[in-house]
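Trainee: I am attaching a structure below and will ask some questions about it afterwards.
The values are calculated or read from the model by the stated rules, or taken from the named source; none is laboratory data. The model shown is predicted, which means the values in this text are computed figures rather than measured ones. So basically every Cβ, Gly included, is an ideal-geometry build from the backbone, and we count neighbours across all protein chains shown. These accessible areas exclude ligands, DNA and RNA; they are computed on the full protein's heavy atoms, side chains included. Shrake-Rupley method; radii C 1.70, N 1.55, O 1.52, S 1.80 Å.
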Amino acid sequence: DQRDCGNQNVDYLEYGFNPAINNPIGLYRNVIDGVFFFFFFPQSYAERCQDMHTMFSSIQSSSGELIIADRNSHLTDDKLKFPAEFQDSVIPAIQHKLLQKVHKLFRYNANFNSIKDSMTMCAMRVYELQAQGALILSNYALSVSNQFPNIKIITQKEILSPIFKNSEEIQFEELRARVNTL
């Protein structure tokens, strides 16, 4: 910060993204009416796991399709697996280059932040997915709440049925929200 550097010309730098990979090309076709998430279940972060449970349970109880690509699917340690109630939604890991295309297939993508009280810090996925024009469901983070009003923040179990359109066609309101992400 400015005190550490002894210079007033110091500020934070937000994440960037690679426009060759993170772009909306192909996004405006039909979509899978559900939520996609790629990561693993980080049991060492109890609060983040609770946030995942809250969001995933909300999706399932709202008849939404949930697909979780488990980054640790190749590992056998049960401590690294998603809880049993989400196992029907888990698929094996996807290579990064293909992953960026898969994100564009879904109506929503899930994001989880570990740092919640920072004015500037959030998951890099927030920037990458918005660069793709994707709609995002996220756990609470101060930075996301303050900077990105188009991201739906899930803080408690809720009925999410209204976000699922029961259609694979993109509707005008959804298109407008996708265009206004960044």
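Trainee: Let me confirm something: among 78, 88, 33, which residue is charged (D, E, K, R) and in contact with a strand residue (DSSP E or B) (Cβ under 8 Å, 6 or more places away or on another chain)?
Mentor: 33 is the lone residue from the list that is charged (D, E, K, R) and in contact with a strand residue (DSSP E or B) (Cβ under 8 Å, 6 or more places away or on another chain).
Trainee: What number goes with the only condition from (1) free of Cβ contacts under 8 Å to residues at least 40 places away in the same chain; (2) in contact with a Leu (Cβ under 6 Å, 6 or more places away or on another chain) that residue 110 does not pass?
Mentor: All conditions are met except number (1).
Trainee: Cβ-Cβ below 7 Å, separation at least six or inter-chain, first residue in region 76-99 and in a helix (DSSP H, G or I), second surrounded by 10 or more Cβ atoms within 10 Å (Cβ to Cβ) and at pLDDT below 95: which pairs?
Mentor: Short answer, once both residue conditions are applied: 79/43; 80/40; 80/41; 80/72.
Trainee: Any idea which residue in region 66-80 is nearest to residue 91 (Cα to Cα), counting only those that are of a type outside the set (A, V, I, L, M, F, W, C) and crowded, with 16+ Cβ neighbours inside 10 Å?
Mentor: If we take residues in region 66-80 being of a type outside the set (A, V, I, L, M, F, W, C) and crowded, with 16+ Cβ neighbours inside 10 Å, then 70 is nearest to residue 91 (Cα to Cα).
Trainee: Let me ask another. Considering only region 81-93, how many residues are within 16 Å of the chain's Cα centre (by Cα) and open to solvent by less than 30 Å² (accessible area, probe 1.4 Å)?
Mentor: 1
Trainee: Out of the residues in region 66-75 that are in contact with a Phe, Trp or Tyr (Cβ under 8 Å, 6 or more places away or on another chain) and in a loop (DSSP other than H, G, I, E, B), which is farthest from residue 20 (Cα to Cα)?
Mentor: Only one residue tops the list, namely 72.
Trainee: Which of the residues spanning region 29-65 are in a loop (DSSP other than H, G, I, E, B) and open to solvent by 10 Å² or more (accessible area, probe 1.4 Å)?
Mentor: 29, 30, 40, 41, 43, 44, 45, 63, 64
Trainee: Quick one: how many residues across region 105-116 are in contact with a Gly (Cβ under 7 Å, 6 or more places away or on another chain) and surrounded by fewer than 21 Cβ atoms within 10 Å (Cβ to Cβ)?
Mentor: Going through region 105-116 one residue at a time, the tally reaches 1.
Trainee: Any idea which residue in region 131-151 is farthest from residue 17 (Cα to Cα), counting only those that are within 10 Å of the chain's Cα centre (by Cα) and not hydrophobic (A, V, I, L, M, F, W, C)?
Mentor: 139
Trainee: Next up: Using beta carbons and a limit of 6 Å, which pairs, at least six apart or on different chains, have the first residue in region 1-27 and without any contact (Cβ under 8 Å) to a residue 40 or more places away in the chain and the second one part of a loop (DSSP other than H, G, I, E, B) and open to solvent by 90 Å² or more (accessible area, probe 1.4 Å)?
Mentor: Taking only residues 6 or more apart or on different chains, the pairs are 2/8.
Trainee: Of the residues that make up region 124-147, is at least one among the small types (Gly, Ala, Ser), modelled with pLDDT under 95, over 23 Å from residue 73 (Cβ atoms) and surrounded by fewer than 18 Cβ atoms within 10 Å (Cβ to Cβ)?
Mentor: No, that holds for no residue.
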